Amino acid sequence: MRGKFAAIISAAFLICSIGADAEAAITEEMVRTAWADVARIAGMDPLPLSIEKNSTPNAWVTSGKSVTVTTGLMNLLERPEEIFGVLSHEAGHAKLKHHESAVKSSVGIGVAALLLGKALGGGIVGDVAVGVGSNLASAGFSREKEVEADDFAVDIAFKGQKDPTGIYTALERLSLAGGKLQPSGFNSHPPDDRRLLRVKNRILAKDPNVQFPKVEKKKNQ
(Lines give C-alpha, C1' and ligand atoms only; values in the text may rest on other atoms or scores of the structure.)
Protein backbone atom coordinates (compact mmCIF):
# COMPACT_ATOMS: atom_id res chain seq x y z
CA MET A 1 0.00 0.00 0.00
CA ARG A 2 1.46 3.33 -0.98
CA GLY A 3 0.80 6.95 0.04
CA LYS A 4 -2.35 8.15 -1.58
CA PHE A 5 -2.97 4.83 -3.29
CA ALA A 6 -2.85 6.18 -6.85
CA ALA A 7 -2.53 2.96 -8.83
CA ILE A 8 -2.79 0.16 -6.36
CA ILE A 9 -5.68 -2.26 -5.81
CA SER A 10 -5.18 -4.41 -2.80
CA ALA A 11 -6.84 -7.10 -0.83
CA ALA A 12 -5.95 -4.73 1.99
CA PHE A 13 -5.23 -7.14 4.74
CA LEU A 14 -4.24 -4.19 6.92
CA ILE A 15 -4.44 -3.95 10.70
CA CYS A 16 -2.74 -2.05 13.44
CA SER A 17 0.91 -2.98 13.75
CA ILE A 18 1.95 -5.91 15.89
CA GLY A 19 5.41 -6.92 17.03
CA ALA A 20 7.76 -7.89 14.22
CA ASP A 21 10.41 -9.58 16.34
CA ALA A 22 8.53 -12.83 16.78
CA GLU A 23 9.65 -15.72 14.60
CA ALA A 24 7.31 -16.05 11.66
CA ALA A 25 5.30 -19.25 11.40
CA ILE A 26 5.10 -18.65 7.66
CA THR A 27 8.48 -18.66 5.93
CA GLU A 28 9.44 -16.99 2.66
CA GLU A 29 9.74 -20.41 1.06
CA MET A 30 6.18 -21.22 2.12
CA VAL A 31 4.95 -17.94 0.64
CA ARG A 32 6.65 -18.57 -2.70
CA THR A 33 5.48 -22.18 -2.82
CA ALA A 34 1.91 -21.12 -2.06
CA TRP A 35 2.02 -18.44 -4.75
CA ALA A 36 3.28 -20.92 -7.33
CA ASP A 37 0.47 -23.31 -6.39
CA VAL A 38 -2.17 -20.59 -6.58
CA ALA A 39 -1.01 -19.45 -10.01
CA ARG A 40 -0.95 -23.03 -11.31
CA ILE A 41 -4.44 -23.83 -10.06
CA ALA A 42 -5.82 -20.49 -11.26
CA GLY A 43 -4.32 -21.04 -14.70
CA MET A 44 -2.36 -17.78 -14.69
CA ASP A 45 1.27 -16.83 -15.10
CA PRO A 46 2.70 -16.22 -11.62
CA LEU A 47 3.18 -12.50 -11.11
CA PRO A 48 6.48 -11.36 -9.59
CA LEU A 49 6.27 -11.75 -5.82
CA SER A 50 8.18 -9.75 -3.24
CA ILE A 51 8.47 -9.92 0.53
CA GLU A 52 8.49 -6.53 2.22
CA LYS A 53 10.01 -6.14 5.67
CA ASN A 54 7.15 -4.35 7.35
CA SER A 55 5.51 -5.16 10.68
CA THR A 56 2.04 -4.27 9.37
CA PRO A 57 0.23 -7.46 8.27
CA ASN A 58 -0.64 -6.81 4.65
CA ALA A 59 -0.71 -8.24 1.14
CA TRP A 60 -1.55 -6.48 -2.10
CA VAL A 61 -1.53 -6.62 -5.87
CA THR A 62 -0.07 -3.61 -7.66
CA SER A 63 -1.82 -2.69 -10.91
CA GLY A 64 -2.40 -6.37 -11.63
CA LYS A 65 1.31 -6.81 -12.32
CA SER A 66 2.95 -7.91 -9.05
CA VAL A 67 2.09 -9.18 -5.59
CA THR A 68 3.64 -8.21 -2.26
CA VAL A 69 3.45 -9.85 1.17
CA THR A 70 4.75 -8.22 4.34
CA THR A 71 6.70 -9.94 7.09
CA GLY A 72 3.98 -8.70 9.46
CA LEU A 73 1.46 -10.91 7.69
CA MET A 74 3.87 -13.85 7.82
CA ASN A 75 4.22 -13.30 11.57
CA LEU A 76 0.46 -13.19 12.07
CA LEU A 77 -0.61 -16.23 10.07
CA GLU A 78 0.02 -19.69 11.49
CA ARG A 79 -0.91 -22.23 8.82
CA PRO A 80 0.32 -22.76 5.24
CA GLU A 81 -3.35 -22.92 4.22
CA GLU A 82 -3.76 -19.34 5.41
CA ILE A 83 -1.06 -17.85 3.21
CA PHE A 84 -2.47 -19.92 0.36
CA GLY A 85 -5.89 -18.39 1.05
CA VAL A 86 -4.57 -14.84 1.20
CA LEU A 87 -2.61 -15.26 -2.02
CA SER A 88 -5.63 -16.83 -3.70
CA HIS A 89 -7.57 -13.70 -2.79
CA GLU A 90 -4.83 -11.57 -4.35
CA ALA A 91 -4.81 -13.78 -7.44
CA GLY A 92 -8.53 -13.12 -7.69
CA HIS A 93 -7.91 -9.39 -7.95
CA ALA A 94 -5.38 -10.00 -10.74
CA LYS A 95 -7.26 -12.75 -12.58
CA LEU A 96 -10.54 -10.84 -12.50
CA LYS A 97 -8.75 -7.69 -13.70
CA HIS A 98 -10.04 -5.51 -10.90
CA HIS A 99 -7.36 -2.94 -11.68
CA GLU A 100 -8.80 -2.51 -15.17
CA SER A 101 -12.32 -2.24 -13.77
CA ALA A 102 -11.17 0.55 -11.48
CA VAL A 103 -9.66 2.48 -14.36
CA LYS A 104 -12.74 2.02 -16.53
CA SER A 105 -14.96 3.25 -13.74
CA SER A 106 -12.96 6.49 -13.65
CA VAL A 107 -12.64 6.14 -9.91
CA GLY A 108 -9.31 6.35 -8.12
CA ILE A 109 -9.65 3.11 -6.27
CA GLY A 110 -7.05 2.78 -3.56
CA VAL A 111 -6.25 0.41 -0.77
CA ALA A 112 -8.88 0.56 1.95
CA ALA A 113 -8.28 -0.99 5.34
CA LEU A 114 -9.94 -4.28 6.22
CA LEU A 115 -9.82 -3.22 9.83
CA LEU A 116 -9.66 0.48 10.60
CA GLY A 117 -10.74 0.39 14.21
CA LYS A 118 -12.10 3.43 15.96
CA ALA A 119 -8.80 5.20 16.61
CA LEU A 120 -6.70 5.49 13.46
CA GLY A 121 -3.77 7.45 14.83
CA GLY A 122 -0.86 8.44 12.63
CA GLY A 123 1.77 6.68 10.58
CA ILE A 124 0.67 3.95 8.21
CA VAL A 125 -2.82 3.72 9.66
CA GLY A 126 -3.20 7.48 9.36
CA ASP A 127 -2.20 7.25 5.71
CA VAL A 128 -4.92 4.67 5.21
CA ALA A 129 -7.43 7.10 6.65
CA VAL A 130 -6.38 9.69 4.09
CA GLY A 131 -6.74 7.14 1.32
CA VAL A 132 -10.20 6.13 2.47
CA GLY A 133 -11.25 9.75 2.80
CA SER A 134 -10.21 10.47 -0.78
CA ASN A 135 -12.01 7.43 -2.15
CA LEU A 136 -15.39 7.41 -0.43
CA ALA A 137 -17.22 7.34 -3.73
CA SER A 138 -15.48 4.10 -4.69
CA ALA A 139 -16.34 2.22 -1.50
CA GLY A 140 -19.27 0.25 -2.88
CA PHE A 141 -17.30 -0.71 -5.97
CA SER A 142 -14.36 -1.87 -3.87
CA ARG A 143 -16.55 -3.94 -1.54
CA GLU A 144 -17.96 -5.75 -4.53
CA LYS A 145 -14.47 -6.59 -5.76
CA GLU A 146 -13.38 -7.79 -2.32
CA VAL A 147 -16.34 -10.18 -2.22
CA GLU A 148 -15.42 -11.46 -5.68
CA ALA A 149 -11.82 -12.03 -4.56
CA ASP A 150 -13.00 -13.86 -1.42
CA ASP A 151 -15.18 -16.13 -3.57
CA PHE A 152 -12.26 -16.72 -5.92
CA ALA A 153 -10.06 -17.79 -2.99
CA VAL A 154 -12.63 -20.33 -1.80
CA ASP A 155 -13.14 -21.71 -5.31
CA ILE A 156 -9.40 -22.03 -5.96
CA ALA A 157 -8.95 -24.04 -2.75
CA PHE A 158 -11.61 -26.53 -3.80
CA LYS A 159 -10.35 -26.67 -7.37
CA GLY A 160 -6.84 -27.48 -6.15
CA GLN A 161 -8.12 -29.88 -3.48
CA LYS A 162 -6.63 -27.68 -0.77
CA ASP A 163 -7.98 -26.98 2.71
CA PRO A 164 -10.61 -24.29 2.01
CA THR A 165 -10.55 -22.92 5.57
CA GLY A 166 -7.30 -21.05 5.00
CA ILE A 167 -8.87 -17.82 3.77
CA TYR A 168 -11.44 -17.96 6.56
CA THR A 169 -8.98 -18.37 9.45
CA ALA A 170 -6.62 -15.80 7.90
CA LEU A 171 -9.43 -13.24 7.90
CA GLU A 172 -10.38 -14.28 11.42
CA ARG A 173 -6.83 -13.73 12.69
CA LEU A 174 -6.81 -10.29 11.13
CA SER A 175 -10.13 -9.49 12.73
CA LEU A 176 -8.95 -10.62 16.18
CA ALA A 177 -5.77 -8.62 15.85
CA GLY A 178 -7.40 -5.40 14.72
CA GLY A 179 -10.86 -5.24 16.24
CA LYS A 180 -14.24 -4.76 14.60
CA LEU A 181 -15.00 -2.73 11.51
CA GLN A 182 -18.29 -0.99 12.03
CA PRO A 183 -20.76 -1.25 9.11
CA SER A 184 -20.75 1.90 7.01
CA GLY A 185 -21.63 2.93 3.50
CA PHE A 186 -18.12 4.35 3.28
CA ASN A 187 -16.24 1.16 4.11
CA SER A 188 -14.57 -0.28 1.04
CA HIS A 189 -14.40 -3.75 2.61
CA PRO A 190 -17.38 -5.67 3.99
CA PRO A 191 -17.76 -5.62 7.80
CA ASP A 192 -15.79 -8.40 9.47
CA ASP A 193 -18.68 -10.49 10.75
CA ARG A 194 -20.58 -10.31 7.49
CA ARG A 195 -17.50 -11.11 5.46
CA LEU A 196 -16.53 -14.09 7.60
CA LEU A 197 -20.07 -15.46 7.52
CA ARG A 198 -20.23 -15.17 3.75
CA VAL A 199 -16.90 -16.97 3.30
CA LYS A 200 -17.93 -19.72 5.71
CA ASN A 201 -21.28 -20.21 3.99
CA ARG A 202 -19.60 -20.47 0.58
CA ILE A 203 -17.26 -23.12 1.92
CA LEU A 204 -20.05 -25.10 3.56
CA ALA A 205 -22.18 -24.87 0.44
CA LYS A 206 -19.43 -26.74 -1.39
CA ASP A 207 -18.75 -29.19 1.42
CA PRO A 208 -21.04 -29.26 4.49
CA ASN A 209 -18.57 -31.49 6.33
CA VAL A 210 -15.71 -28.99 6.46
CA GLN A 211 -14.41 -28.42 9.97
CA PHE A 212 -13.08 -24.96 10.82
CA PRO A 213 -9.98 -24.78 13.05
CA LYS A 214 -10.33 -22.73 16.21
CA VAL A 215 -8.50 -19.40 16.09
CA GLU A 216 -7.43 -17.63 19.25
CA LYS A 217 -6.12 -14.14 19.75
CA LYS A 218 -2.35 -14.00 20.18
CA LYS A 219 -0.97 -12.74 23.47
CA ASN A 220 0.92 -9.86 21.87
CA GLN A 221 -2.12 -8.51 20.04
* To do: Kindly indicate which of 140, 92 is modelled with pLDDT of 50 or more, surrounded by fewer than 17 Cβ atoms within 10 Å (Cβ to Cβ) and either in a helix (DSSP H, G or I) or in contact with a Leu (Cβ under 8 Å, 6 or more places away or on another chain) (or both).
  => 140
* Count, please, the residues in region 179-205 that happen to be at pLDDT 60 or above, more than 16 Å from residue 148 (Cβ to Cβ) and in a loop (DSSP other than H, G, I, E, B). => 1
* Within region 31-59, how many residues turn out to be closer than 22 Å to residue 162 by Cβ and either outside any helix (DSSP H, G or I) or touching a His at 6+ places or on another chain (Cβ under 9 Å) (or both)? -> 9
* Just name the residue that is surrounded by the most Cβ atoms within 10 Å (Cβ to Cβ) out of those in region 37-84 that are under 28 Å from residue 213 (Cα atoms), within 15 Å of the chain's Cα centre (by Cα) and of a type in the set (S, T, N, Q). => 58
* **Subset tally (residues that are at pLDDT below 85 and more than 15 Å from the chain's Cα centre (by Cα)) for region 8-36** => 8
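The values are calculated or read from the model by the stated rules, or taken from the named source; none is laboratory data. Not measured: the values here are computed from a predicted model. Counting neighbours? That spans all protein chains shown, and the Cβs are built from the backbone with ideal geometry, glycine included.
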